[in-house]
Amino acid sequence: MNNAKHVLSRVFGFSSYRPYQEEIIAAILDGRDLFAALPTGGGKSLCYQLPAMILPKVVVVVSPLIALMEDQVAGARQYGVPAAYLNSTLDEVGLRRTYRALFAGDIRLLYVSPERIAIPEFRERLSEIGVALFAVDEAHCISEWGHEFRPEYRTLTVLRHDFPDVPIAAFTATATQAVQDDVVNQLSLHQPLLVRGNFDRAEIFYRVRTKSRVNEQILQFVRDHGDEPGIVYRATRKATEETAGHLMEAGIAARPYHAGLPDTVRNVNQRAFVRDETRAIVATIAFGMGIDKSNVRWVVHGDLPRSVEAFYQETGRAGRDGEDADTSLFFGPGDVAKIRYHIDRMEVAKERERAERNLRDVLRFVDAGVCRRTLLLRHFGQEHDGNCGRCDVCTGETTTEDCSMAAQKLLSAVKRTGEWFGRHYIADVLVGEETEQVLTRGHHRLPTFGVGNDRQREWWVRLAADMEAAGLLARRDGERSGLTITERGAAVLFGRESFRTSITPGGPSGRTARTGRTTRAGVKDGSDAAASAHSAQPALWRDDQEALFQCLRALRKALARSAGVPPYVVFSDKTLKAIVRNRPENRAALLRINGIGEHKAERYGTDVLRLVREFLASGECPGDG
Ligand code: ADP
Ligand code: ZN
């Protein structure tokens, strides 16, 4: 076993790497620059925490959110990694103590804010201490192309100049190529190892619903999830307050979070959420970056998100521990009007265009009746072959119908007009519209002219959009160019494959909004709490396992409180479930559980083993939790 692998199991308690962790860690130990785009929950922190245990000098992590550094440090320390942070929240005594420990070589992992890096004297201090690696977390913040640009990140461009020999590793969950190029460029990475993970978050269920009385819909969704924690996103401060109020009136522990609240209130609410002291946080987009809480089980959007990227990141905050998570997006036509209103008032042309493009993409996403996952991933240039089984379209929660015949008519019109025109023109041909353009080109003499006159022109335009979304049609080059038929389109045209979508002749959207979610086989509908945990469980999960899981959750919360850290840094939900399944009876068995290394076994092992033993003896929670 090599050294890194040894640290992985002994310190972190993990039996294997997540995808790409091994090569990233090898590159870091080799002193190479790197850029890694890994999805949220992909395990980025391990990529610099583990080398910190091996490298001879300090690993410096640049992290944008001061409020969260304490938790990040606490998380590392739980594994026994000597970590500290330096930011403006430390007083004189704290600062001095940390510097002393740094110079004494007692700290291996140091979290700092970009503002601190901007101070030249601080950089001098760093070079005296000796830096092994700069790990830039949330590296997309350096790019204006990202969705979370932060001007203070721009100062990081000095790192390469001031520390020419120290490797830089940039990490982000942002998936677009433009951001990658920009980050590599801004940080002057030298022949970096480029890693792009699989952005499919298979554990997340995606669903789009038509909005009507949205506060009621959100309440219903939250109720359907027992006592699981989650995030509600709303577009405005006012809506945030309203929804939070509505949930609280219904007896749900919820708190608002938006930029209009005083810092202290915001921090208190965020902390309560992270520490499992409130179930729901109702927030604007101001909330979320850097929230490492791994047991967020659901995310609801009460309004249309600004972009597909934003939607992906926001939903991505659920299920970081890899356990099932549920999401729902409520969307109504009023949302579009509101966003348009803002776009029309944007003064910088470049920004306006970007916002318009984002709106168009996000509308295509919510409107298309094809596999949501396929669409999301396509947005990031990743292929998925549909039928994901984990979205409302694929599970039939949203009804679709076979539109193969109509699709064939449309494809044939595309083909006969030379794969040169956009969907509006194709729709004209299909319904038999004798426009000037159609007449000049002689397309009224085509056999497909008018074959679709049993439908509205708009219906065909939408069908074309859905077909493009499903990858049957593509643009020849660039956004505004005409449609061509892809390989998959050809398969449908020649009847080798069928095409289903959710549009009906009745209206623009033929979705049936079913309430509640599909329960799985073998799930007994007991208390709310039982139902909630079941929803994220395979059918074999039994009542006694659920009871033990709830006991362990209570124990985790108590341990976290006395350690002064968030519960998820003590054990993840995944680790708790592994304990439930394996029922360890001694320390050796405990150490075999994924996520329990020596340090955690030392610290919490006795309590966990005692709880398991007493539970097995009595069949119930010792001391009632
Ligand atoms: P990211 O920062 O990429 O969003 P995190 O670093 O927060 O992801 O990791 C997400 C979760 O995955 C954490 O609970 C972490 O402990 C866990 N994890 C990381 N690496 C591994 C691994 N090799 N095996 C098992 N769990 C892991
Ligand atoms: Zn799907």
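The values are calculated or read from the model by the stated rules, or taken from the named source; none is laboratory data. Just so you know, these numbers come straight off a predicted model, no measurement behind them. Quick reminder, even Gly has a Cβ in these numbers, built from the backbone with ideal geometry, and neighbours come from all protein chains shown.
Structure notes:
- Annotation: Val208 fulfils all but one of (1) touching a Phe, Trp or Tyr at 6+ places or on another chain (Cβ under 8 Å); (2) under 17 Å from Ala36 (Cβ atoms); the unmet one is (2).
- Lone unmet requirement of (1) within 25 Å of Arg297 (Cα to Cα); (2) outside any helix (DSSP H, G or I) for Glu585: (1)
- When Gly389 is tested against (1) in a helix (DSSP H, G or I); (2) within 16 Å of ligand 2 (Cβ to nearest atom), just one condition goes unmet, and that condition is (1).
- Only one entry of Ala325, Ala310 meets the criterion of being under 13 Å from the mean Cα position of the chain (by Cα) and either outside the structural domain of Lys238 (by TED's automatic domain parsing) or within 16 Å of ligand 2 (Cβ to nearest atom) (or both), and that entry is Ala325.
- Criterion: of a type outside the set (S, T, N, Q), touching a Lys or Arg at 6+ places or on another chain (Cβ under 9 Å) and either more than 16 Å from ligand 1 (Cβ to nearest atom) or outside any loop (DSSP other than H, G, I, E, B) (or both) - qualifying residue of Leu439, Leu363, Leu463, Leu377: Leu463
- If the condition is being crowded, with 23+ Cβ neighbours inside 10 Å and more than 16 Å from ligand 1 (Cβ to nearest atom), then region 134-145 contributes Phe134, Ile142, Ser143.
- Taking region 480-564 as the region of interest, the helices (runs of 4 or more DSSP H) fully inside it that hold 1 or more residues being modelled with pLDDT under 50, touching a His at 6+ places or on another chain (Cβ under 8 Å) and more than 19 Å from Glu401 (Cα to Cα) are 528-535.
- Criterion: of a type in the set (Lys, Arg) and touching an Asp or Glu at 6+ places or on another chain (Cβ under 8 Å) - qualifying residue of Arg423, Arg416: Arg423
- Scanning region 32-82 for residues that are out of contact with any strand residue (DSSP E or B) (no Cβ under 6 Å at 6 or more places or on another chain) and aromatic (Phe, Trp, Tyr) gives a single hit, Tyr79.
- Looking at Ala101, Ala37, Ala26, just one residue is surrounded by 16 or more Cβ atoms within 10 Å (Cβ to Cβ) and either under 30 Å from Phe380 (Cα atoms) or at pLDDT 95 or above (or both), and that residue is Ala37.
- For region 144-171, filtered to residues that are of a type in the set (Val, Ile, Thr) and in a helix (DSSP H, G or I), the residue that is nearest to Leu194 (Cα to Cα) is Thr157.
- Scanning region 29-50 for residues that are more than 20 Å from His140 (Cα to Cα) and touching a Leu at 6+ places or on another chain (Cβ under 6 Å) turns up nothing.
- Note on region 470-492: among residues that are among the aliphatic types (A, V, I, L, M) and surrounded by fewer than 21 Cβ atoms within 10 Å (Cβ to Cβ), the one that is nearest to Gly422 (Cα to Cα) is Ala474.
- Failed criterion for Thr575 (all others in (1) in contact (Cβ under 8 Å) with a residue 60 or more places away in the chain; (2) assigned to a helix (DSSP H, G or I) hold): (1)
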